[in-house]
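The values are calculated or read from the model by the stated rules, or taken from the named source; none is laboratory data. Since the model is a prediction, treat every value here as computed from it, not as a measurement. Methodologically, a virtual Cβ is constructed for each residue, glycine included, from the backbone with ideal geometry; neighbour enumeration extends over all protein chains shown.
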Amino acid sequence: MCFSARVRQNLKHLSRRYEAEVDWAAFEELYRRRAEGEDIRASRDLQRNFQHPETDVERRTAAYIGQYLKAKRDEWEQEVFAQRRRVAEAEESLAKRETKKAREDIRIGTKKAQDYLDRLADLRRIEPNNEDARIFPLSFAPVLIAEEGRIVIKPMRYTCRLSGKPADVEKRFPGIYNARRDSLDEYWRAVYGRSHAVMVISGFYENVPEHMYQHRELAPDEKEKNLVLEFDPKPERDMLVACLWDHWTQPGKPSLDSFAAITDEPTPEVAATGHQRTIITIQEQYLSEWLSPLALSKQRLEHILSDKELPHYVHQIAA
């Protein structure tokens, strides 16, 4: 399973590199909905596309981003004030009488105040880092799809809610950000061969049990611990992740475009870490075919997935 990934999100670069059109209106709509209070998660790298707006739609999008960031800054500053007041009141209470509640209020209030101060500091940060490109399940990211013979770049949520499924399906089945290859003709049959996408990434992260990473059994009474591993292809390159997507609607609820990455049996070096799945990265020569699958046979689709790129992945324990 691809727990998270570093995604290429420079829209104008993606447009040039893959001869694709950017659906700027879709990105404007995404940020408008977020500014108006909808729970929409997007990485900082995606946001950077609108730092220097050149067109009217880019300027409107930048304004929505600014509106959202100001609201977050105000909210977090108020939280810092509230937690500091909580600590001060607890300290006054302790001066009169020792209580467990006052001690807990000081501990929790101090920690929460620092958490919000860290968020505010990160909000002011200008220099990019690897985390800025990283997306997690339920985050929005740019993907390539085909529309009327053109490759188009649209924002979609990473966790696919299929059409006709209930709005809370991802709560009951949180793993649907990935589509197992051996289930494409089952759970994913409505979109496999019909609605394909590609996500462009430079690396990915996986959760692995520590004892499996160390190639040993759990000791008696030992609780399972988790490691997050960062995988990068060597030599470095961009990778085209085969994805499925769908457009979901329901009366009275916002519509949703969302996608899942297809996974297969692990490559040997990934399996050696204790992880049991690896994303499928297709060869660029198949990009147009993969994005327009309606005219393809199942045999051709299977060939594209089987004749995949096989980068050699090196890994490190993520910080």
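A few comments on the model shown:
- Residues within segment 111-126 that are in contact with a Lys or Arg (Cβ under 7 Å, 6 or more places away or on another chain) and under 19 Å from Asp45 (Cβ atoms), tallied: 1
- Pairs where the first residue, in segment 283-312, is touching a residue at least 24 places away in the same chain (Cβ under 8 Å) and the second is loosely packed, with under 13 Cβ neighbours inside 10 Å and of a type in the set (Lys, Arg), C-beta under 6 Å, 6+ apart: His312/Lys234
- Failed item in (1) exposed (fewer than 13 other Cβ atoms within 10 Å of the Cβ); (2) under 21 Å from the mean Cα position of the chain (by Cα), with Ser139 passing the rest: (1)
Let's see how each residue does on (1) farther than 26 Å from Gln51 by Cβ; (2) modelled with pLDDT under 95; (3) among the aromatic types (Phe, Trp, Tyr):
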{"residue": "Arg97", "(1), (2), (3)": "yes, yes, no"}
{"residue": "Ile106", "(1), (2), (3)": "yes, no, no"}
{"residue": "Ala113", "(1), (2), (3)": "yes, no, no"}
{"residue": "Arg125", "(1), (2), (3)": "no, yes, no"}
{"residue": "Asn129", "(1), (2), (3)": "no, yes, no"}
{"residue": "Ile135", "(1), (2), (3)": "no, no, no"}
{"residue": "Ser139", "(1), (2), (3)": "no, no, no"}
{"residue": "Ile145", "(1), (2), (3)": "no, no, no"}
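- Test for His211: is it assigned to a helix (DSSP H, G or I), over 20 Å from Asp264 (Cβ atoms), modelled with pLDDT under 95 and assigned by TED's automatic domain parsing to the domain that holds Pro311: yes
- Segment 35-54, residues that are touching a residue at least 40 places away in the same chain (Cβ under 8 Å) and closer than 18 Å to Arg124 by Cβ: Ser43, Arg44, Asp45, Arg48
- So Glu28, is it surrounded by 13 or more Cβ atoms within 10 Å (Cβ to Cβ), touching a Ser or Thr at 6+ places or on another chain (Cβ under 6 Å) and not aliphatic (A, V, I, L, M): yes
- Candidate set from segment 187-219 (those that are farther than 30 Å from Asn130 by Cα and of a type in the set (Phe, Trp, Tyr)); member that is surrounded by the most Cβ atoms within 10 Å (Cβ to Cβ): Trp188
- Members of segment 220-246 that are over 26 Å from Asn129 (Cα atoms), out of contact with any helix residue (DSSP H, G or I) (no Cβ under 8 Å at 6 or more places or on another chain) and of a type in the set (Lys, Arg): Lys223
- Test result for Arg34, of a type in the set (Lys, Arg), under 20 Å from the mean Cα position of the chain (by Cα) and surrounded by 13 or more Cβ atoms within 10 Å (Cβ to Cβ): yes
- Leading residue by the ranking (nearest to the chain's Cα centre (by Cα)) among those in segment 72-110 that are among the basic types (Lys, Arg) and under 26 Å from Ile40 (Cα atoms): Lys72
- Note on segment 219-264: among residues that are outside any strand (DSSP E or B) and in contact (Cβ under 8 Å) with a residue 40 or more places away in the chain, the one that is farthest from Tyr158 (Cα to Cα) is Arg237.
- Beta carbons closer than 8 Å, at least 6 apart along the sequence or on distinct chains, pair a first residue in segment 174-186 that is exposed (fewer than 14 other Cβ atoms within 10 Å of the Cβ) with a second that is of a type in the set (A, V, I, L, M) for Gly175/Met1.
- Residue, surrounded by the most Cβ atoms within 10 Å (Cβ to Cβ), within segment 277-319, restricted to residues that are among the basic types (Lys, Arg) and part of a helix (DSSP H, G or I): Arg300
- Complete set of residues in segment 121-136 that are under 22 Å from the mean Cα position of the chain (by Cα), among the aliphatic types (A, V, I, L, M) and exposed (fewer than 15 other Cβ atoms within 10 Å of the Cβ): Leu123, Ile126
- Positions within segment 142-173 being within 17 Å of the chain's Cα centre (by Cα) and free of Cβ contacts under 8 Å to residues at least 40 places away in the same chain, in sequence order: Glu170, Lys171, Phe173
- Matching residues, segment 1-21, being aliphatic (A, V, I, L, M) and either more than 20 Å from the chain's Cα centre (by Cα) or surrounded by fewer than 19 Cβ atoms within 10 Å (Cβ to Cβ) (or both): Met1, Ala20
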